[in-house]
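> Below are the structure tokens for one structure; questions will follow.
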Amino acid sequence: MKSGLFAGTAVATVMAISATSAFAQSRDQIQVAGSSTVLPYASIVAEAFGENFDYPSPVVESGGSSAGLKKFCEGVGENTIDIANSSRAIREAEVAACAEAGVTDIMEVRIGYDGIVFASKSDGPDFTAFTPAQWYNALAAELPQDGAMVANPNTNWTSVDESLPDSEILAFIPGTKHGTREVFEEKVILQGCEDSGAMEQILEINGGDEDAAESACMAVRTDGLSVDIDGDYTETLARIESNPNGIGVFGLAFYENNTDKLKVATINDVVPSTESISTGEYPVSRPLYFYLKQAHVGVIPGLKEYAEFFVSDAVAGPSGPLAAYGLVSDPELAETQAKIADLGS
């Protein structure tokens, strides 16, 4: 996927072209859905696009990365969306589902980077420093103990680590349909499982099955101390405001726009910031994407122009409005710009 282009079979391509011809010029407004993390960036771009081009502002909806990619892969035509926003890379199974529905030429566009932060109510418990191992021991469904897996006995942060606040564990984390959840599981929970030595113990317990051990590591408790949030970050914020002892998982940009209500914690002693994410120093960061349906380029008015505008220096560059909102500009933005410029040529 490094090329950012997914080519399908000749038969599927012909089908896509036929479908494209059938809906030519029947819709004049770009339709976008997907990641709640990418949503504010896409909304900024959509509004500015409508103000600066002779095209209507695109319709941008949220719903999560997985939901957006599912809609994107429904097929080609006026009743299907043009772009899916995502806070994770598209999966092989999703590429296959797209191809089966005739969506065979998908362009992956990386718009920049974001960090996942852990924030709590500004006047709540002193949640200011964490490690992945602490999060693993707090949220894992089961922990290895005396050669067996047992239900997680930790209910208070002090039972995880005496240096943490004497407060009941209450974490508000992204639901499974959000791309943020996958990053949280892999870069925090799985990493914490490895850092704590639990992975090695689990492998001894299960006879060395690495896949099973990873699954066991990333299984999150379901006893009410970890709460899945299926909505966007505003819902997570509302939960923390109603539960002052809670701590939530947010995107960096959302936190930076709510510093009057939230305080952020370090991970491995690194403060999350645009600089620490751009250098790779902050350990919990991820690229953000949108996926463009190439069969719709030249058919849905303004689609290529929107994509070009989104990744332009003036918009997604270090001094653009997306950076001002919290996006970490992609050092390889010029390559992305050149790729989109070649669309339809």
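> Which of rounded, prolate, oblate describes the chain, given a ≥ b ≥ c as roots of the alpha-carbon gyration tensor eigenvalues and a/c under 1.5 marking rounded, otherwise prolate only if a/b is larger than b/c? Walk me through the intermediate numbers first.
Numbers: a/c = 2.35, a/b = 1.66, b/c = 1.41.
In terms of gyration-tensor shape, prolate.
> Another one. Roughly how many nanometres apart are two label points built 7 Å out from the Cα toward the Cβ at Asp260 and Thr234?
For the pair Asp260/Thr234, the computed spacing is 1.6 nm.
> Just want to confirm a number: the relative contact order over the chain, from Cα pairs under 8 angstrom separated by 6+ residues, in percent. Provide the component values of the computation, followed by the final result.
Numbers: 697 pairs, mean separation 89.2, N = 345.
So the answer I get is 26 percent.
> Something else: FRET efficiency for Asp126 and Ser215, Cβ-Cβ distance as r, R0 = 41 Å, nearest 0.05? Display every interim value, and only then the final one.
Working: r = 33 Å, r/R0 = 0.81.
After rounding, the FRET efficiency stands at 0.80.
> Here's something else I'd like to know. Suppose only helical runs count, i.e. DSSP H with n ≥ 4. What mean residue ellipticity at 222 nm does that imply for the chain under -39500 (n - 2.57) per run, divided by all residues and rounded to the nearest 500 deg cm²/dmol? Can you show the working numbers first?
Numbers: 17 runs with 131 residues, N = 345.
Calculated at 222 nm, the ellipticity per residue is -10000 deg cm²/dmol.
> Pairs of lysine in the chain with Cα under 25 Å and at least 8 positions apart or on different chains: total?
Number of lysine pairs found: 25.
> Still on this structure, please answer the following. If you scale each eigenvalue of the Cα gyration tensor by 5 and take the root, what three semi-axes come out for region 128-222, rounded to whole angstrom and sorted largest first? Could the numbers behind the result be given before it?
Values: eigenvalues 84, 58, 25 Å².
Working through the eigenvalues yields semi-axes of 20, 17, 11 Å.
> Taking Rh as the Kirkwood radius, which is the inverse of the mean 1/r over Cα pairs, what is the Rg/Rh value for region 294-345?
Numbers: Rg = 11.9 Å, Rh = 11.6 Å.
Checking Rg against Rh, the ratio lands at 1.03.
> Relative to the longest principal axis of the chain, what angle (0 to 90°, nearest 10) does the C-alpha long axis of helix 39-52 take?
So the inclination is approximately 30 degrees.
> Something else now. Starting from a Cα-only point model with no solvent, please compute log10 I(q)/I(0) by Debye for region 21-137 at q = 0.15, 0.16, 0.18, 0.24 1/Å.
Those come out to -0.79, -0.86, -0.99, -1.38, one per q.
> If you average the sequence gap of Cα pairs under 8 Å that are 6 or more apart and divide by the length of region 274-345, what percent do you get for the contact order? Spell out each step's value before the answer.
On the way: 48 pairs, mean separation 21.5, N = 72.
Contact order relative to length: 30 percent.
No lab work stands behind these numbers, since they all come straight from the coordinates. What you see is a predicted model, and the numbers here were worked out from it, not measured in a lab. No Cβ is skipped: glycine too gets one built from the backbone with ideal geometry, and neighbour counts run over all protein chains shown.
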